[in-house]
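Have a look at the structure below, then the notes.
The values are calculated or read from the model by the stated rules, or taken from the named source; none is laboratory data. No experiment lies behind these values; they were computed from the predicted model shown. Cβ placement follows ideal geometry from the backbone for every residue including glycine, while neighbour counts extend to all protein chains displayed. What goes into the accessible areas is simple: the full protein's heavy atoms, side chains included, and nothing from ligands, DNA or RNA. Shrake-Rupley method; radii C 1.70, N 1.55, O 1.52, S 1.80 Å.
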Amino acid sequence: MKKFRQKYFGDAAFYRMVFAVAIPIMIQNGITNFVNMLDNIMIGQIGTEAMSGVSIVNQILFVYNLCLFGAVSGAGIFTAQYYGQKNTDGIRHTVRFKLWAVTIITVLTVLLCIFSGQFLINIYLTGEGSSESIQAAMASGREYMLFMLTGLPFFMITQVYGSTLKECGQTILPMKAGVAAICVNLVLNYLLIYGKFGFPMLGVKGAAIATVCSRIIEMAIIVVSVHRDTVKNPFVIGLYKSAAIPAGVVRRIAVKGTPLLLNETLWSAGMATLAGCYSMRGLNVVAAFNISNTINNLFQISFIAMGDAVAIIVGQILGTGDMKKAKDTAGKMIVFSVLLCACVAVLMFFVAPAFPNFYNTEETIKQLAAKLIMVSALFIPQHALLNSLYFTLRAGGKTLIAFFFDSVFIWCISVVLAYILARYTTLSILWMYFFVQLADGIKAVIGLILVKKGVWLQNIVE
């Protein structure tokens, strides 16, 4: 029993270290998702069509967000290990790489949404529903998308600076900036969506404007704070004197980072495709998933933060070359993440029946959303395991393995299964969703085998 505890559980100092990294991330993500939930409820008060239109656009922009995440994460593997070595020049090079990558992705996204935005939204409006409701959802979605595009440049800069700070163990500043931003977002949403205190009533347009303003605030706080404290952030000294990056660094980041960028891009596109498969069951399903995903995102911050903590802590240990400690730390963090999220899942399951009542929509949609939330709760521990396994593999630079583990699986198994069930069976959306989630158990077994074998134990910046 003692050996079991020593292998899978840490001491008090271990959990203090984990919480020091994870809790600020949980707080930031938690408040962000809580405010997003309130935003969603506010938009839901306008009507089902407006809520569906905004939900579809957010699903499209989710792909962009994950592309950015993949771009900064590929370089971030090196940032964490460079930080473990106290290599400031190396960190500076990774930041420049991130800036180039996110700029290219953002320009391409803006062009795609401007010229093909209506086509992308229409993909999700092929299910059952009256022509009037479909047209109303399209109009709301298109209006919301065009305003949201103006905030992407600010968001991309925040991702570069915020990810770098986290990889260097600084999670407090991104948390503070995030909290300030979401407070601004919440207040402006109330004023601009409903037209309170003399402000114009702009509906979904007001929600987009509020989000853009909050992103400007968040970026300003992080960028100004980082550049003011060059002692704590020496990598910003001379950061913009040159945009050049040594060819060797570019090559190494590209080799390790490209599979990660492709992974996040294809995985997010896979998730969007899954949503498209589910939407074949009708516009009511789109609305119900919007409600359930809102509360899902709030409860899922636990395993998302733990995944970030695994990447940061294990990555820094790998940078020092202590492979035994890295393997021991990763194992204990994976166990802790699953146990923590099992408790979260219980709470989420019991919250499910009450949450949809906050929305101004049909009773059938509310009931369906509640059942979808319950199904999601059942799989929270499984997602915690998968997330921790993925970030463990990624921390050691095994991005190609992570690519097959994540993206190849979702396209070859999850999307194919969802399409077959949607197109060729009469299963209800609840059973469709359940079976697609259940299939991820195969991936969990594969991930456990890979992590246990230690294929990820390597220092990539030596």
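Here are the numbers for this structure:
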{"read-out": "Rounded percent of accessible protein surface that carbon and sulfur make up, the chain, 1.4 Å probe", "value": "68 percent"}
{"read-out": "Restraint check, Lys205/Lys241; Lys256/Lys327; Lys232/Lys398; Lys86/Lys256, Cα-Cα greater than 32 Å", "value": "Lys205/Lys241"}
{"read-out": "Packing-based ranking, highest mean first, of 269-278, 302-311, 339-348 given that Cβ atoms within 10 Å are counted", "value": "302-311, 269-278, 339-348"}
{"read-out": "Centroid-to-centroid separation of segment 68-123 and segment 245-314 [C-alpha atoms, Å]", "value": "14 Å"}
{"read-out": "Cα-projected label distance for Thr364 with Asp11, points at 7 Å along beta-carbon direction, nm", "value": "6.1 nm"}
{"read-out": "Cβ-based charge dipole, the chain, positive-most Cα from Gly203, Tyr8, Ala384", "value": "Tyr8"}
{"read-out": "Estimated [θ] at 222 nm from DSSP helical runs (n ≥ 4, -39500 (n - 2.57)) normalised by residues in the chain, nearest 500", "value": "-27500 deg cm²/dmol"}
{"read-out": "Positive-end extreme of charge dipole, the chain - chosen from Phe154, Thr294, Gly238 (charges on Cβ)", "value": "Gly238"}
{"read-out": "Debye, to nearest 20: dipole size of the chain, +1 on Lys, Arg Cβ, -1 on Asp, Glu Cβ", "value": "1600 debye"}
{"read-out": "Rg in Å to one decimal, and Dmax rounded to a whole Å, for segment 409-456 via C-alpha atoms", "value": "13.6, 43"}
{"read-out": "Reach of Lys98 by Cα under 20 Å, taken over aspartates and glutamates that are not fewer than 8 positions away in the same chain", "value": "Asp89, Glu167, Glu218, Glu264, Asp308"}
{"read-out": "Rounded to the nearest 20 debye, dipole of segment 175-246 from Cβ charges on Lys, Arg, Asp, Glu", "value": "40 debye"}
{"read-out": "Angle between the chain longest axis and helix 88-122 axis [Cα atoms, degrees, rounded to 10]", "value": "20 degrees"}
{"read-out": "Euclidean distance between Cα centres, segment 348-362 to segment 196-218, Å", "value": "26 Å"}
{"read-out": "Trypsin sites (Lys or Arg not before Pro), loop per DSSP, at most 15 other Cβ atoms within 10 Å - longest free stretch of the chain", "value": "242-462"}
{"read-out": "Using alpha-carbon coordinates, inclination of helix 204-228 to the longest axis of the chain, degrees", "value": "10 degrees"}
{"read-out": "Residue-span extension gain [Arg228 to Lys453] - 0.36 nm each, minus C-alpha spacing", "value": "76.6 nm"}
{"read-out": "Among 383-389, 427-433, 244-250, the order from most to least packed when residues are scored by Cβ within 10 Å on average", "value": "383-389, 427-433, 244-250"}
{"read-out": "Answer label, with semi-axes √(5λ) of the Cα gyration tensor in Å calculated from the coordinates and candidates [x] 39, 25, 22; [y] 41, 31, 22; [z] 35, 27, 21", "value": "[z]"}
{"read-out": "Selection of chymotrypsin sites (Phe, Trp or Tyr not before Pro), segment 157-208, meeting DSSP coil and at most 10 other Cβ within 10 Å", "value": "Phe197"}
{"read-out": "Accessible area per residue, Å², the chain with all protein chains present, probe 1.4 Å", "value": "42 Å²"}
